[in-house]
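Take a look at the structure below.
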Amino acid sequence: MPPRVGIVLGSTSDEEKAKTAAVMLEKFGVEYELEVLSAHRDPRRVADYGASAVDRGLQVIIAAAGKAAALPGVLAAHTTLPVIGLPIYTPQLAGQDSLFSIVQMPSGVPVAAVGLDAAANAGILAVQILAVGDARLRLQLQEFKDQLAEGLRL
């Protein structure tokens, strides 16, 4: 089965903080691919990834980046798919640079955003987006939410 979600990391150093997005996708049986692409060091590859995402069968992109965090916005500029920005905490500005870079997008180029290092929420949000057209995922999400309400933790 081809991947439905693309997880794109701005750097290999983001992998540890972003891995629970993949864990959540696996929990719901959603296929994904993982790529490391830098919006600043290799912008053409990022543009190509975004432009080809629909043709490759992706339906949602999760983009994790720290510091200047341009990756989610650059991907959003090159695709019609929903892009979820995952800001990565960095100590220089306590992650504010990452967060603001993702949430302060110009009109016409929206990027959804989750909290700093909130990879689990990025994964769950991707599943919720997919569930709009997938009854199996909607049922799994309802069961997941019911478990949360009963006090179970992620």
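No value in this document is a laboratory result; all are computed from the given coordinates. Computed from a prediction, not measured in an experiment: that's the story for all the values here. Every residue, glycine among them, receives a Cβ derived from its backbone with ideal geometry; neighbour counts consider all protein chains shown.
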- Note on the structure: Here the FRET efficiency for Ala51 versus Val109, based on Cβ atoms and R0 = 25 Å and rounded to 0.05, is 0.95
- Item | Principal-axis tilt of helix 119-131 within the chain, Cα atoms, nearest 10 degrees | 70
- Item | Taking the convex hull of Cα positions in the chain, its mean projected area over all directions (nm²) | 9.1
- Estimated 222 nm signal from helices in the chain, with DSSP H stretches of n ≥ 4 weighted -39500 (n - 2.57), rounded to 500: -13000 deg cm²/dmol
- Query: Given N residues in the range 94-145, what is Rg(Cα) / (2.2 N^0.38 Å)?
  - Reply: 1.40
- Which net charge results when you count Lys and Arg as +1 and Asp and Glu as -1 among the other residues whose beta-carbon is under 15 Å from that of Glu31? 0
- So if R0 is 41 Å, what FRET efficiency would Thr12 and Gln147 give, r being the distance between their Cβ atoms, rounded to the nearest 0.05? 0.80
- Hey, how many Å between the Cα centroid of the range 106-132 and the Cα centroid of the range 1-58? 13
- Here the longest stretch of the chain that holds no trypsin sites (Lys or Arg not before Pro) in a DSSP loop having at most 16 other beta carbon atoms within 10 Å is 57-152
- Would you work out the relative contact order for the chain, in percent, from Cα pairs under 8 angstrom that are 6 or more residues apart? 24
